[in-house]
């Protein structure tokens, strides 16, 4: 049985992890496997509050567990973040385009994430690790506001401990106990071991960070065509009907959220959009 | 090529310098090592040299009572110590080794008159310095935006 993206389906929360002060991961176990591609999102419904688009942060190879990571920043996400194990999480999806995991086969993969932007990329990382032999080098560059704002800290430790993954974490402002890097995530690109000619970069974070990352990748020798990023707008229907998430000629919920950079770069430069 | 010249030539600072420039700078260079937590430069003290980091990591810090504010960390490939090029030739902030760090230290006191005497060489060194300043200024601007809170 497939999930009808038009029908909100309630699932019982079986696990909740507090990633940071304002960010939680909620895990549900659907009755039937929930098949999705890395980078896709679901609409999550907080009863009586509304619906929001949230990226799926779990392993696509484990469709019996549906994982979302969200930051409490408004009415709906506050309500969702307050849900506890046993509560009902209403899900509609999956929607949107996915990270180019097929196109990236045989290439090095460079993941660049900022803040909560690691969530939509986590599903890609888990996919690549599950199919590790299909890919070349894997580097994960992650920037956060402080060391207390690092999402998926356990994952980062685990990935960083592998011999076949390069992990570089940097924070804007470290606590006195922080011994790692301090600075913007673009500053670690030129410290990373990758072959620009055979690399696919996947970037997610605030738009200004993605623009500067794309610029730094170009300076490192990559072509814009090798760079993919994910955009976010006011998604409502999830199926390209309502037009709320329109950006120029793009309906991000349907045509995105993941795009090759050259396709959206001109739109990202238009200040009125 | 000497070992010092090879180390210098491999550093990003030297990317646009000629072999002769590298040889000139190497005559003013020596290898220095720093242990974790060692204060390398202290604010307001005379700036006599600059560092081309080879390995390890250093912190750029500012004393702000009651503590110290970590402004930025710099890894191998970074250039540290621009104050040696500009009056009043004193450090603008503290530099502390976070990890065991190795660097090429270039004598700024002896370099400064050479930049004046050989303007072509001086221009290329200043361009290299400007490139690193430009890169760090861009990063500082991004840093100031507090990106992830938006």
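The values are calculated or read from the model by the stated rules, or taken from the named source; none is laboratory data. Just so you know, these numbers come straight off a predicted model, no measurement behind them. All Cβ positions, glycine included, derive from the backbone under ideal geometry; neighbour counts span all protein chains shown.
Summary table
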item: Residue pairs meeting the criteria (Cβ under 6 Å; at least 6 apart or on separate chains; first surrounded by 15 or more Cβ atoms within 10 Å (Cβ to Cβ), in the stretch B:109-127; second modelled with pLDDT of 95 or more and not in a helix (DSSP H, G or I)); result: B:111/B:28; B:124/B:17
item: Per-region count, the stretch B:17-43, residues assigned to a loop (DSSP other than H, G, I, E, B) and either surrounded by 20 or more Cβ atoms within 10 Å (Cβ to Cβ) or within 14 Å of chain A (Cβ to nearest Cβ) (or both); result: 3
item: All positions within the stretch A:12-33 that are in a loop (DSSP other than H, G, I, E, B) and within 18 Å of the chain's Cα centre (by Cα); result: A:22
item: Options A:127, A:68, A:131; residue that is modelled with pLDDT of 95 or more and in the same structural domain as residue A:17 (by TED's automatic domain parsing); result: A:68
item: Residue B:64 vs. criteria on the phi < 0 side of the Ramachandran plot and touching a strand residue (DSSP E or B) at 6+ places or on another chain (Cβ under 6 Å); result: no
item: Top-ranked residue in the stretch B:78-100 [being surrounded by fewer than 17 Cβ atoms within 10 Å (Cβ to Cβ) and within 14 Å of another protein chain (Cβ to nearest Cβ); ranked as farthest from residue A:175 (Cα to Cα)]; result: B:100
item: Exclusive hit being buried (at least 18 other Cβ atoms within 10 Å of the Cβ) and within 11 Å of another protein chain (Cβ to nearest Cβ), set A:139, A:216; result: A:216
item: Spans of strands (runs of 3 or more DSSP E) in the stretch B:44-147 with at least 3 residues within 18 Å of residue B:29 (Cβ to Cβ); result: B:49-55, B:101-107
item: Which numbered condition residue B:54 fails, given (1) over 30 Å from residue A:20 (Cα atoms); (2) buried (at least 21 other Cβ atoms within 10 Å of the Cβ); (3) in contact (Cβ under 8 Å) with a residue 40 or more places away in the chain; result: (2)
item: Extreme residue, farthest from the chain's Cα centre (by Cα), among residues of the stretch A:159-184 that are at the interface with chain B (Cβ under 9 Å from one of its Cβ atoms) and outside any strand (DSSP E or B); result: A:176
item: Selection within the stretch B:65-77 - within 13 Å of another protein chain (Cβ to nearest Cβ) and without any contact (Cβ under 8 Å) to a residue 60 or more places away in the chain; result: B:66, B:67, B:68, B:69, B:70, B:71, B:73, B:74, B:75, B:76
item: Residue in the stretch A:182-196 that is farther than 30 Å from residue A:105 by Cβ, surrounded by fewer than 16 Cβ atoms within 10 Å (Cβ to Cβ), touching a helix residue (DSSP H, G or I) at 6+ places or on another chain (Cβ under 8 Å) and free of Cβ contacts under 8 Å to residues at least 60 places away in the same chain present; result: no
item: Lone unmet requirement of (1) more than 14 Å from every other protein chain (Cβ to nearest Cβ); (2) in contact with a helix residue (DSSP H, G or I) (Cβ under 8 Å, 6 or more places away or on another chain); (3) buried (at least 17 other Cβ atoms within 10 Å of the Cβ) for residue B:103; result: (2)
